[in-house]
Amino acid sequence: MGEEVDLYGDGACDTQAGLGGWAVILNYRGKELILSGAQRETTNNRMELTALLEGLRALKRPCNVRVVTDSQYLRKAFTDGWILKWQRNGWKTAGKDSVKNQDLWEALIDEARRHSLTFVWVRGHAGHGENERVDQLAVAERKKLARS
């Protein structure tokens, strides 16, 4: 398809305050691009999805993207076909509830169409270098928002 890019993303959220941060590192031919941000009234899952979305949006042309994440929710939605099932069911879960974060899933579907994605799951807080870095960046964004 195109160039090989590694994308490391993570989200962090203070669920009590609803303050969240996200971060993504894009690695292309040894060069790194770091993006991060924060949102109010959010959840950890929304921050995980936002990290991937912003990372994909930063890519200027179609790429083979290796997505490294500690989010089973994010990974399995793509690898286990959850997204396709949700779409077929009118954005309802198997339990007939509305799928949470539909707006982000739809945006991710649009961005993912331009690329070839593969997903690698890593255990969070287990010493994986880039995963630890994006976690620290996401937490820093959340804390910065809390101070503002």
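Where residues in segment 36-56 are out of contact with any Lys or Arg (no Cβ under 9 Å at 6 or more places or on another chain) and more than 22 Å from residue 99 (Cα to Cα), which of them is surrounded by the most Cβ atoms within 10 Å (Cβ to Cβ)?
Filtering first and then ranking leaves 55.
If a residue must be under 18 Å from residue 120 (Cβ atoms) and either of a type in the set (A, V, I, L, M) or assigned to a strand (DSSP E or B) (or both), how many such residues does segment 54-82 contain?
11
Among the residues of segment 112-139, write down those that are hydrophobic (A, V, I, L, M, F, W, C), surrounded by 14 or more Cβ atoms within 10 Å (Cβ to Cβ) and out of contact with any strand residue (DSSP E or B) (no Cβ under 7 Å at 6 or more places or on another chain).
If the condition is that a residue be hydrophobic (A, V, I, L, M, F, W, C), surrounded by 14 or more Cβ atoms within 10 Å (Cβ to Cβ) and out of contact with any strand residue (DSSP E or B) (no Cβ under 7 Å at 6 or more places or on another chain), then 112 is the only one that fits.
Considering only segment 16-38, state which residues are in a strand (DSSP E or B) and free of Cβ contacts under 8 Å to residues at least 24 places away in the same chain.
Of everything in segment 16-38, those that are in a strand (DSSP E or B) and free of Cβ contacts under 8 Å to residues at least 24 places away in the same chain turn out to be 31, 32, 35.
For segment 3-34, which residues satisfy the criterion of being hydrophobic (A, V, I, L, M, F, W, C), touching a Lys or Arg at 6+ places or on another chain (Cβ under 9 Å) and either within 21 Å of residue 114 (Cβ to Cβ) or surrounded by 18 or more Cβ atoms within 10 Å (Cβ to Cβ) (or both)?
Across segment 3-34, the qualifying residues are 5, 7, 12, 13, 19, 22, 23, 25.
So, residue 68, is that one in contact with a helix residue (DSSP H, G or I) (Cβ under 9 Å, 6 or more places away or on another chain), among the aliphatic types (A, V, I, L, M), buried (at least 16 other Cβ atoms within 10 Å of the Cβ) and under 17 Å from residue 50 (Cβ atoms) or not?
yes
Which residues, counting only those in segment 40-73, are touching a residue at least 60 places away in the same chain (Cβ under 8 Å) and of a type outside the set (Asp, Glu)?
Matches in segment 40-73: 40, 47, 51, 62, 63, 64, 65, 66, 67, 68, 69, 71.
Between 86, 82, which is under 16 Å from the mean Cα position of the chain (by Cα), farther than 19 Å from residue 32 by Cβ and aromatic (Phe, Trp, Tyr)?
82
Quick one: how many residues across segment 111-129 are under 14 Å from the mean Cα position of the chain (by Cα) and within 19 Å of residue 26 (Cβ to Cβ)?
Result for segment 111-129: 8.
Please state which one of 145, 104 is closer than 15 Å to residue 49 by Cβ, in contact (Cβ under 8 Å) with a residue 24 or more places away in the chain and assigned to a helix (DSSP H, G or I).
104
Throughout, read-outs are computed from the coordinates displayed, never taken from laboratory work. Everything numeric in this text was worked out from a predicted model, so none of it was measured. Cβ atoms come from the backbone with ideal geometry, glycine included; neighbour counts cover every protein chain shown.
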